[in-house]
Amino acid sequence: MPYIIAQPYDYPLPTDSNLALIIIDMQRDFMELGGFGDILGNDVSRLQTIVPTLKRLLNGCRALQIPIFHTLEGHQADLSDCPESKRKRGKGELTIGDVGPMGRILVLGEPGNSIIPELAPLSGEILIPKPGKGAFYNTQLESQLQARNITHLLTTGVTTEVCVQSTMREANDRGYECLLVEDATESYFPEFKQSTLEMVRAQGGIVGWTAPTDSVLQGLREWRDEG
Ligand code: C5J
């Protein structure tokens with residue numbers, strides 16, 4: 001049985017090609033100065049550090065023809081899918097729907113509401129706009145995964161303890177086998193990232209597995225060579 005060396009124990013890869021890479025919210029709103037993350041007072045440079053590693057993982061998965069899903073947190077222009085509670089929360093001068101330096105904040109189609117150029121989806125990759133933290137809530141993600149018989153997810157992106165962890169928990173409840181790629185996810189708060197990694201793999205993998213990019217790519221190459 002092919003596997004990825006991971007914690008809390010090796011991650012068994014599916015015998016068929018039922019694995020996808022999911023990249024959560026690598027969008028300008030969270031990654032760049034002038035975006036929502038910055039307006040909320042966060043140090044966005046922390047998130048930038050994973051871009052080369054995530055790009056390497058993305059390229060590796062592309063070369064192995066693994067399906068790629070990108071998510072993008074954003075709301076309809078009339079904010080009909082944004083609860084008032086979400087809009088009111090936060091300590092920035094601007095909130096969701098207001099006009100910021102990169103257009104209306106967290107509104108679909110605005111300049112800030114796009115995947116950073118380094119990781120932009122290629123044709124054939126699936127882009128899932130999402131109104132919530134978890135990528136399954138009110139989206140096409142589950143039906144798109146089911147259409148491809150995907151059972152295993154490599155999870156990456158930002159921020160580790162918010163949208164990435166929410167998505168992993170939603171996936172876990174739906175029966176997906178999830179591995180969080182340790183150096184392809186980041187948080188504005190290093191201690192929250194560390195805690196999330198530990199929470200995911202605690203109790204024998206209560207939410208899933210974690211492993212670094214090098215282990216993931218090594219396991220995937222062996223898996224493909226054997227397949
Ligand atoms: C947040 C996210 N933090 N992608 N979104 O609101 O983690």
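A few remarks follow.
- Residue in the stretch 80-104 that is most open to solvent (accessible area, probe 1.4 Å), counting only those that are free of Cβ contacts under 8 Å to residues at least 40 places away in the same chain and within 19 Å of Gly34 (Cβ to Cβ): Val99
- With respect to (1) in a strand (DSSP E or B); (2) in contact (Cβ under 8 Å) with a residue 40 or more places away in the chain; (3) of a type in the set (Asp, Glu), the lone exception for Glu182 is condition (2).
- Note on the stretch 65-79: residues that are of a type in the set (Val, Ile, Thr) and either surrounded by fewer than 19 Cβ atoms within 10 Å (Cβ to Cβ) or away from the ligand (no atom under 14 Å from the Cβ) (or both) amount to 2.
- Of all the criteria given as (1) in a loop (DSSP other than H, G, I, E, B); (2) open to solvent by less than 10 Å² (accessible area, probe 1.4 Å); (3) not aliphatic (A, V, I, L, M), the one not satisfied by Pro121 is (2).
- Test for Gly132: is it surrounded by 15 or more Cβ atoms within 10 Å (Cβ to Cβ) and within 14 Å of the ligand (Cβ to nearest atom): yes
- Restricting the stretch 135-152 to residues that are open to solvent by less than 70 Å² (accessible area, probe 1.4 Å) and hydroxyl-bearing (Ser, Thr, Tyr), the residue that is nearest to Ile66 (Cα to Cα): Thr151
- Test: residue in the stretch 57-78 that is among the hydroxyl-bearing types (Ser, Thr, Tyr) and more than 21 Å from Phe189 (Cβ to Cβ): no
- Selection of first residues in the stretch 142-164 that are over 30 Å from Phe189 (Cβ atoms) and part of a loop (DSSP other than H, G, I, E, B) and of second residues that are away from the ligand (no atom under 16 Å from the Cβ) and open to solvent by 60 Å² or more (accessible area, probe 1.4 Å), restricted to Cβ pairs under 7 Å at least 6 apart or on distinct chains, gives the following pairs, ordered by first then second residue: Thr151/Glu177.
- Subset of the stretch 4-27 that is open to solvent by 30 Å² or more (accessible area, probe 1.4 Å) and hydroxyl-bearing (Ser, Thr, Tyr) - its residue that is modelled with the lowest pLDDT: Ser17
- Ile39 being closer than 27 Å to Thr95 by Cα and either open to solvent by 10 Å² or more (accessible area, probe 1.4 Å) or touching a Ser or Thr at 6+ places or on another chain (Cβ under 6 Å) (or both): yes
- Residue match in the stretch 135-143 (condition: under 12 Å from Leu72 (Cβ atoms), more than 13 Å from the ligand (Cβ to nearest atom) and touching a Pro at 6+ places or on another chain (Cβ under 6 Å)): no
- Subset of the stretch 153-184 [of a type in the set (Val, Ile, Thr), within 13 Å of the ligand (Cβ to nearest atom) and open to solvent by less than 40 Å² (accessible area, probe 1.4 Å)]: Thr155, Thr156, Val158, Thr159, Thr160, Val164, Thr167
The values are calculated or read from the model by the stated rules, or taken from the named source; none is laboratory data. The structure presented is a predicted model; accordingly, all values stated were derived computationally and were not measured. No Cβ is skipped: glycine too gets one built from the backbone with ideal geometry, and neighbour counts run over all protein chains shown. To get the accessible areas, we keep the full protein, side chains included, count just its heavy atoms, and leave off ligands, DNA and RNA. Shrake-Rupley method; radii C 1.70, N 1.55, O 1.52, S 1.80 Å.
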